[in-house]
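Each remark here refers to the structure printed beneath this line.
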Amino acid sequence: MISVEEAQKRILGRVQVLQAEKKPILDCLGQVLAINIYSPIDIPPLDNSAMDGYAVRAEDTDGASDSSPTILTVIGEVAAGSIPDKEVKAGTAIRIMTGAPLPEGANAVVQFEDTDEVTRRAREDSSSQIGILRQVQKGLNVRHRGEDIAKGSLVLEEGRVLRPAEIGVLASLGHSWTKVIRRPVVSILATGDELVDIDQPLPPGKIHNSNTYTIAAQVLSYGGIPKILGIGRDSVQSLNEKIDQGLNADMLITSGGVSIGDYDVVKDVLAKRGQITLWTVRMKPGKPSAFGVLSKKEDGREKRVPHLGLPGNPVSSMVAFEEFARPAILKMMGKNNFAKPTIQALIEDDIKNTDGRRMYTRVVVSRSHGQYHARPTGPQGSGILTSMAKANGLAIIPENSKGIKAGDMVQVQMLDWGDEVSL
């Protein structure tokens, strides 16, 4: 058996960053930018108002107060999207809306709340004057040209993960399309004569093919594109046919057939299709995890695709996916941070480690009075899929530990942050 870290190292050493593709920006959410983005424009393009109010010369407001307002003559109004055609001169003001370009001569904006506009309207004052109720400084409520983005500047660098904010920046620059590292297509094949499709009746001794759907959901959650192959039966012909289909992808994930007690047909077929570099990992659950590179002839050439063989037990499959398939998918997408968020939590029950493997115990993490608490979800058998459904984290018990006691601190790898947990 090898360590989890050694297995991760071998897997990541055999997968490559994929090619770039050009896509509409909204379809790029969560993907990695493949080019540098420079701005062709200033944002904002002109000095403009950050408030609804009056564009003024700040020096005209010297000494203004509620008891002694400065009276200015209103010579016009400018709305967002229009260009002012008048200049603010001494003793004058222009009514202005948020985002509207600042008129020539103005160097500050007084918000409506700091004028007597409401009072004048109440008394139906139709004069062209406005009272300024506070002294303001130059630049107040003014957004300057290029203060967000300067023309010619590097705005988004290659390798940046595109979040909603980055999508908005691209849109503000007038980009409707951009280049990103494409998402990996991941073939998913469940193996075993005991499996039945989920929409079929369940005969005695059979089980529904749930692994395919949990793995496909995990692939989707980390940005990949799942390609469901169905069920490969325990025969050389069936498995080879399904593997041939699965190699028309960037990665093949199989579940089942790689444990010591499994029929040799799955392992024999995999071994003959390529080089399997690992079979077991020092972890619990997830020990029977295989990895290698499989090949097939395509257009006279040999096509080689990384293959990850997950255990057949559903919890083992999901945990092994988190540790091995997830970082491989992230690397293929061009990402370089493969670590899951981890915290230190106070464990609420004893956990024994009896066989020298690293344990991943399913727990519910909550936070109380500034302290994280981790509570095991109940029975931890590798076939109890509901233990994963109840969990939001995996408590990690080191392989060189005999276990931990209630009240000890434990490292927890978070699966997600629910409403009951906050950072």
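The values are calculated or read from the model by the stated rules, or taken from the named source; none is laboratory data. Note that the structure is a prediction, hence the values are computed from the model and not measured. As a convention, Cβ positions derive from the backbone with ideal geometry for all residues, glycine included, and neighbour counts pool all protein chains shown. SASA here: full protein model, heavy atoms, side chains in, ligands and nucleic acids out. Shrake-Rupley method; radii C 1.70, N 1.55, O 1.52, S 1.80 Å.
Lys and Arg at +1, Asp and Glu at -1: add these up for the other residues within a Cβ distance under 15 Å of Lys86 and post the number.
The answer is -1.
What does the charge count near Val155 come to, summing +1 for each Lys or Arg and -1 for each Asp or Glu among other residues with Cβ under 15 Å from its Cβ?
-2
Using only Cα atoms and rounding to the nearest 10 degrees, what angle (0 to 90) does helix 264-273 make with the longest principal axis of the chain?
Relative to the chain, helix 264-273 is tipped by roughly 60 degrees.
Using a simple charge model, +1 on the beta-carbon of Lys and Arg, -1 on the beta-carbon of Asp and Glu, nothing else, what dipole does the chain show about its Cα centre, in debye to the nearest 20?
1900 debye
Which residue, chosen from Leu170, Val110, Val4, occupies the Cα position most advanced towards the positive end of the dipole of the chain, where the dipole is computed from +1 (Lys, Arg) and -1 (Asp, Glu) charges on Cβ about the Cα centre?
Of the listed residues, the answer is Val4.
Taking a ≥ b ≥ c as the square roots of the eigenvalues of the Cα gyration tensor of segment 255-324, is the shape rounded (a/c under 1.5), prolate (a/b larger than b/c) or oblate?
Note, shape of segment 255-324 comes out prolate.
Enter the Cα centre distance for the pair segment 227-286 and segment 138-197, rounded to the nearest angstrom.
First find each Cα centre; the distance between them is then 35 Å.
Per residue Cα convex hull volume for segment 203-320, in cubic angstrom?
Details: hull volume 13.4 nm³, N = 118.
Taking the convex hull of the Cα positions in segment 203-320, it is 114 Å³ per residue.
Mind listing which trypsin sites (Lys or Arg not before Pro) in segment 1-110 are in a DSSP loop and have 15 or fewer other Cβ atoms within 10 Å?
Sites meeting the loop and neighbour criteria: Lys86, Lys89.
Need one word for segment 309-423: rounded, prolate or oblate. Basis is the Cα gyration tensor (sqrt eigenvalues a ≥ b ≥ c); a/c below 1.5 gives rounded, then a/b vs b/c decides.
oblate
For every other residue with a beta carbon closer than 11 angstrom to the beta carbon of Gly131, add +1 if it is Lys or Arg and -1 if Asp or Glu, then tell me the sum.
-3
How high is the relative contact order of segment 5-131, given as a whole-number percent (alpha carbon pairs under 8 Å, six or more residues apart)?
Taking the mean separation of contacting Cα pairs over the length of segment 5-131, I get 27 percent.
Roughly how far apart, in whole Å, are the Cα centres of segment 44-82 and segment 91-120?
After rounding, the separation between the Cα centres reads 3 Å.
Let me have the relative contact order for the chain, percent, based on Cα pairs under 8 Å that are six or more residues apart.
16 percent
Which one, Val265, Thr191, Pro204, projects farthest toward the positive side of the charge dipole computed for the chain from Cβ point charges (K/R +1, D/E -1)?
Val265
Relative to the longest principal axis of the chain, what angle (0 to 90°, nearest 10) does the C-alpha long axis of helix 236-246 take?
That helix lies at roughly 10 degrees to the long axis.
Once the Cα atoms of helix 4-14 and of the chain are each reduced to a long axis, what angle between those two axes, in degrees from 0 to 90 to the nearest 10, is obtained?
80 degrees
Note down the magnitude of the dipole of segment 1-135 about its Cα centre, charges +1 on Lys and Arg C-beta and -1 on Asp and Glu C-beta and zero elsewhere, to the nearest 20 debye.
760 debye
Could you pull out the pairs from Lys272/Lys297; Lys242/Lys303; Lys242/Lys335; Lys242/Lys284 whose alpha carbons sit more than 19 Å apart here? Walk me through the intermediate numbers first.
Details: Lys272/Lys297 14 Å; Lys242/Lys303 15 Å; Lys242/Lys335 30 Å; Lys242/Lys284 29 Å.
Those over the limit are Lys242/Lys335; Lys242/Lys284.
Give the accessible surface of segment 128-257 per residue, rounded to a whole number of Å², with probe radius 1.4 Å and ligands, DNA and RNA excluded. Walk me through the intermediate numbers first.
Details: 6220 Å² over 130 residues.
Per residue, segment 128-257 has an accessible area of 48 Å².
Thinking of the chain as a set of Cα atoms, what percent of all their pairs are more than 37 Å apart?
Value for the chain (Cα pairs over 37 Å): 48 percent.
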